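Below is one structure, written out as structure tokens; comments come after it.
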Amino acid sequence: MTGVYIALSYFDLIIVSTLLLLAGMISIWQRLGVERALGIAALRTVIQLVLIGYVLKILFAMTSPLWTAIAAVIMVALAGREATARQQTRLNGGWSYAIATSSLMMGATLVTAVALVAVIRPEPWFDPRFALPLLGMMLGNTLNGVAVGMERLISTIKREKIAIEARLLLGHSRVDAMRDYVRESSRAGLMHIINAMSAAGIISLPGMMTGQILAGVSPTEAVKYQIMIMFLLAGATAIGVLLATTLTARRLSDERERLRLDRMN
Amino acid sequence: MTNQTTQSGLRLKGITRLGLGPIDLNLASGQITALMGPSGAGKTMLLRAIADLDPAQGNAFINGQDRNEIAPTRWRKRVVYVPAITGWWDEKIRPHFVGADKNTTKQILHALGLESTALDWDVAHISTGEKQRLGLARALVNAMIDATAPEVLLLDEPTSGLDEQNRDMAEKLILKQAQNGATILMVTHDRAQAVRMGAKILNINSGKISTSEVAP
């Protein structure tokens, strides 16, 4: 560490809350009508973060493999829900959720485990102080890609039904008939992380790096961590997106090489 | 119909889906059958079920061979379904004819009044009638990649968007396929066309085949 970590007091938080009041007053003054939503959102921020603060404090203190695993499972399950919550068209029978969750699990969990065991190597390797924030970052970004990829694929397949069936009718397999669309939607799902890597350091200082710098870590050290995170995110997103789009395409077709749009709502 | 005639051609046994069927049919090889009936009667649904595009109960046999024993990709090359609205997955026509024999393609295009240069057209810039003719040509040429001729043709209003001259050419090409031994099941709203082509007429209503008649 090269700098000094400056802890915030509750009084400091009260000072910044006046800015929240300012936002509310602007809403009232300009008749934006969002003052209520602002208030509720601010309240949620406080409650959710304070709660997770305590939960993490307990988890970190225990360093229990079981409780770390339970926390990870809950995080993955919630991320799966988040990835499918805003999809306009979904697969019937909970398949959207199942596909999103399993893709996230494979992408984010696998990459997190590799990072812990092979790169960061905390003692023990599952130390929740490393494992949980890392998993959270992986999930947050991967779910973005998975959501975009699935959404794009489902809407494209719906739109291109006649073209896909034209290929099936010529004796093409379902994989051949949908390959271009799976590719295109996977690309769309990866765009976010590519943009983030391109913009890193020029347009935005990534949140984690900023956090480390504020916590007193030397910028050059923080940068190393951030580069690692970016690469991990790229890997996790790629695995998650590819799995999600491939599984979605499979679910929207069957072993008789048919398009099964009846499997979505 | 005796067992012998069912061996060659297309046989449907209890094809059922949603409001359609159960439908049992024996269509002999070389025979042209016109499927007629009001909109929503189940004509397209039946063709889709035969092509195995939608899950349906019942079974289909080609020359006595069970559909379930044939890979779907193979089935659709032998039982060629040309829908009323043709689908295109590339901006150009040519990629849709990949793998096809050049001479065969040329011949079929000619038979439909098209030049080989049609392959250079943009899908976005061609008329409904042109799409319809190219769709038929594509299906026929594709079926001939690893066979001499298609065994079954399922045609959904194959000439609905064509002018008289092009319609006549398309009919002639379809007749030729029948002469070469193809079983042809064709949806049409034009009784005169069925008569012209010497087709057996099947009337379908509310998903059931109501009457069958031989055109005079």
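Results, tabulated for the structure shown:
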| read-out | value |
| --- | --- |
| Unique match (being more than 14 Å from every other protein chain (Cβ to nearest Cβ), part of a loop (DSSP other than H, G, I, E, B) and either exposed (fewer than 14 other Cβ atoms within 10 Å of the Cβ) or touching a Gly at 6+ places or on another chain (Cβ under 9 Å) (or both)) among B:192, B:178, B:149, B:170 | B:149 |
| Long-range neighbours under 8 Å by Cβ, at least six apart or interchain, first residue modelled with pLDDT of 90 or more within the range A:18-46, second exposed (fewer than 11 other Cβ atoms within 10 Å of the Cβ) | A:27/A:33 |
| Single unsatisfied condition, residue A:102 versus (1) away from chain B (no Cβ under 14 Å); (2) assigned to a helix (DSSP H, G or I); (3) closer than 30 Å to residue B:52 by Cα; (4) not acidic (Asp, Glu) | (3) |
| Candidates A:173, A:204, filtered to the one that is more than 19 Å from residue A:151 (Cα to Cα), at pLDDT below 95 and among the hydroxyl-bearing types (Ser, Thr, Tyr) | A:204 |
| Residue among B:62, B:108 that is more than 22 Å from residue A:164 (Cα to Cα), more than 10 Å from every other protein chain (Cβ to nearest Cβ), touching a strand residue (DSSP E or B) at 6+ places or on another chain (Cβ under 8 Å) and among the β-branched types (Val, Ile, Thr) | B:62 |
| Hits in the range A:129-164 - residues which are crowded, with 22+ Cβ neighbours inside 10 Å and at the interface with chain B (Cβ under 9 Å from one of its Cβ atoms) | A:164 |
| All positions within the range A:215-265 that are β-branched (Val, Ile, Thr), under 23 Å from residue A:107 (Cβ atoms) and either within 14 Å of another protein chain (Cβ to nearest Cβ) or in contact (Cβ under 8 Å) with a residue 40 or more places away in the chain (or both) | A:229, A:237, A:239, A:241, A:245, A:246, A:248 |
| Among the candidates B:199, B:182, residue that is modelled with pLDDT under 95 and among the aliphatic types (A, V, I, L, M) | B:199 |
| Residue in the range A:69-76 that is surrounded by 10 or more Cβ atoms within 10 Å (Cβ to Cβ), over 30 Å from residue A:252 (Cα atoms) and among the small types (Gly, Ala, Ser) present | yes |
| Meets criteria (surrounded by 12 or more Cβ atoms within 10 Å (Cβ to Cβ), closer than 30 Å to residue A:94 by Cβ and free of Cβ contacts under 8 Å to residues at least 24 places away in the same chain) for residue A:59 | no |
| Filter result for residue B:33 (assigned to a helix (DSSP H, G or I), in contact with a strand residue (DSSP E or B) (Cβ under 7 Å, 6 or more places away or on another chain) and away from chain A (no Cβ under 11 Å)) | no |
| Considering residues of the range B:75-95 that are of a type in the set (Lys, Arg) and facing chain A (nearest Cβ under 7 Å) only, the residue nearest to residue B:117 (Cα to Cα) | B:77 |
| Qualifying positions in the range B:65-93 - small (Gly, Ala, Ser) and more than 14 Å from residue A:167 (Cβ to Cβ) | B:71, B:84 |
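The values are calculated or read from the model by the stated rules, or taken from the named source; none is laboratory data. In this text, all values refer to a predicted model and were calculated from it rather than measured experimentally. Neighbour counts are summed over all protein chains in view; Cβ atoms, including those assigned to glycine, are modelled from backbone coordinates with ideal geometry.
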